[in-house]
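Each remark here refers to the structure printed beneath this line.
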Amino acid sequence: LAERLQGTLNKITGKGKINEADVKEMMREVRFALIEADVNLKVVKSFVKTVSERAVGQDVMKSLTPGQQVVKIVKDELTNLMGGEQNPIQFARKSPTVIMMVGLQGAGKTTTTGKLATVLRKKHNKNPLLVAADIYRPAAIQQLETLGKQISVPVFSMGTDQSPVEIARRAMEEAEKEHNDVVIIDTAGRLHVDEALMQELKDIRELTKPDEVFLVVDAMTGQDAVNVAKSFDEMIGITGVVLTKLDGDTRGGAALSIRTVTEKPIKFVGMGEKMDALESFHPERMASRILGMGDVMSLIEKAQENVDEEKAKELEQKLRTQSFTLDDFLDQLQQVKKMGPLDEILKMMPGANKIKGLDNAKVDEGQMGRVEAVIYSMTLAERESPDIINASRKKRIAVGSGTSIQEVNRLLKQFEEMKKMVKQMTNMQQKGKKKGKMP
Ligand code: GDP
Ligand code: MG
């Protein structure tokens, strides 16, 4: 299905003009993609509506690249829905910062506790204390202790005899004594949301006044994740979400639904079982993942950022009216160069990885640089009307640009040919128009 969506997108991005039917077709594909990525149906509906409205708007239809604009809107709106920006950890003004981990059994709380400690140590230079407050399974305490040893982070535990609230209280004292600036409390989970568990979590919360309450959710649970997130948020109040097991083949639609339903930011994603497999959540990347577009999106965005539409229109006009000069040629060259190394752009094109030898192929950027140098060495008059460039001028230009007369000649010839080609094209278009055909 991802392939189908990509097919539609490719079709539509290539189009110079699109109409409402095109947008409709595309929205149908986007809808499928979202539903297949396990996005909540309500969320899908309102999303498609918003995007459709923007897509049939005047700006898009009038633009030079409407297809690309629509694709961009889809991705922008998805990104916005997931919070837009990356959302960092909130630290307490006065140490220690308390982070409480909550969620269902098996979601990944204990593992994430260890991973989070790793991030805090490495990226934030913190000295965390981990607290084993899941007393219902002896193995849970052991699990955290083993992880702690592995990453050399202290673990506070009191076995299974004390209540989790008491453990939390003593852990806070310990942190004070040992100067730990972050306390991460790993709590118990159940197989489903239950009253007793919620009460216990509320009590821990009351006592420790956490700066962050992270709900840990298994991304593979899809739709269920939304209900879980809703219950936890209503009953104890969460400040953020950690989405685990995204290294699996889930499309991550849960991220979109959870964010929309709870309005709480997703802060991290778990990308594996190892202690270094926790990444900051980037809404934009998740948007690409959900849509299954990957590199195609980056390519479109590169083009979007760098090719100035006004300039493109102006250029087209000049080409048509034959007032295209070497200066314009230079301009065009620079637009292409702004997009980045040509061989990288080529690699991003869909299917380009299948072209043999592209890996070694280097597009000759030195050549482009020399063309630029040649044009820079010309006077304004020469750039406007290359006809006046005689032998002695050529010699001066070659010396000035550090190239050779042959290279100056080659450039002038290319320029002439390009003009000729444009002339032919324009003639053909005009003939077409006379016959009543569209160009
Ligand atoms: P808890 O019951 O919420 O504490 O869950 P655990 O931390 O014990 O994790 C349950 C299982 O999920 C363990 O086998 C973990 O190794 C695994 N797990 C946790 N996070 C991830 C993740 O991001 N990716 C993968 N592949 N497995 C994970
Ligand atoms: Mg656990």
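A few points about this structure:
- Take the conditions (1) open to solvent by 40 Å² or more (accessible area, probe 1.4 Å); (2) aliphatic (A, V, I, L, M); (3) assigned to a helix (DSSP H, G or I); VAL193 misses just one of them, which is (3).
- Scanning the range 264-276 for residues that are among the small types (Gly, Ala, Ser) and within 17 Å of PHE214 (Cα to Cα) returns a single hit, GLY270.
- Filter result for ILE167 (over 40 Å from the mean Cα position of the chain (by Cα), within 22 Å of THR97 (Cβ to Cβ), surrounded by 15 or more Cβ atoms within 10 Å (Cβ to Cβ) and of a type in the set (Val, Ile, Thr)): yes
- Test result for LEU147, modelled with pLDDT of 95 or more, within 26 Å of LYS94 (Cα to Cα) and open to solvent by less than 40 Å² (accessible area, probe 1.4 Å): no
- Scan of the range 178-190 for residues that are open to solvent by 20 Å² or more (accessible area, probe 1.4 Å) and either closer than 20 Å to LEU116 by Cα or modelled with pLDDT of 95 or more (or both), ordered by number: GLU178, HIS179, ASP181
- Of residues in the range 232-249 being over 17 Å from the mean Cα position of the chain (by Cα) and assigned to a loop (DSSP other than H, G, I, E, B), the one farthest from GLU77 (Cα to Cα): ILE236
- Every residue from the range 86-111 that is in a loop (DSSP other than H, G, I, E, B) and charged (D, E, K, R): ARG93, LYS94
- Residues in the range 365-415 that are more than 45 Å from the chain's Cα centre (by Cα), acidic (Asp, Glu) and open to solvent by less than 30 Å² (accessible area, probe 1.4 Å): GLU382 only.
- Screening the range 196-205 for residues that are in contact (Cβ under 8 Å) with a residue 40 or more places away in the chain and open to solvent by less than 50 Å² (accessible area, probe 1.4 Å) and picking the one that is farthest from ligand 1 (Cβ to nearest atom) gives ILE204.
- Selection over the range 196-222 of residues that are away from ligand 2 (no atom under 16 Å from the Cβ), touching a strand residue (DSSP E or B) at 6+ places or on another chain (Cβ under 6 Å) and in a helix (DSSP H, G or I) gives a count of 2.
- Of all the criteria given as (1) among the hydrophobic types (A, V, I, L, M, F, W, C); (2) within 11 Å of ligand 1 (Cβ to nearest atom); (3) open to solvent by 20 Å² or more (accessible area, probe 1.4 Å), the one not satisfied by ALA132 is (3).
- Positions within the range 250-273 being open to solvent by 20 Å² or more (accessible area, probe 1.4 Å) and not in a loop (DSSP other than H, G, I, E, B), in sequence order: ARG259, THR260, VAL261
- Filter pass, ALA175 being open to solvent by less than 60 Å² (accessible area, probe 1.4 Å) and within 16 Å of ligand 2 (Cβ to nearest atom): no
- Number of residues in the range 389-425 that are modelled with pLDDT of 85 or more and under 16 Å from VAL371 (Cβ atoms): the value is 18.
- Pairs where the first residue, in the range 75-87, is under 16 Å from VAL269 (Cα atoms) and the second is surrounded by fewer than 20 Cβ atoms within 10 Å (Cβ to Cβ) and of a type in the set (Ser, Thr, Tyr), C-beta under 8 Å, 6+ apart: GLN86/SER280
- All conditions in (1) within 16 Å of ligand 1 (Cβ to nearest atom); (2) open to solvent by less than 60 Å² (accessible area, probe 1.4 Å); (3) in contact with a Phe, Trp or Tyr (Cβ under 8 Å, 6 or more places away or on another chain) hold for THR97, with the sole exception of (1).
- ILE141 vs. criteria within 16 Å of ligand 1 (Cβ to nearest atom) and either farther than 23 Å from GLY240 by Cα or not in a strand (DSSP E or B) (or both): yes
- Leading residue by the ranking (nearest to ligand 1 (Cβ to nearest atom)) among those in the range 184-195 that are over 33 Å from the mean Cα position of the chain (by Cα) and of a type in the set (D, E, K, R): ARG190
The values are calculated or read from the model by the stated rules, or taken from the named source; none is laboratory data. Everything quoted here is computed from the prediction, not taken from an experiment. No Cβ is skipped: glycine too gets one built from the backbone with ideal geometry, and neighbour counts run over all protein chains shown. The area values use the complete protein model at the heavy-atom level, side chains included, leaving out ligands, DNA and RNA. Shrake-Rupley method; radii C 1.70, N 1.55, O 1.52, S 1.80 Å.
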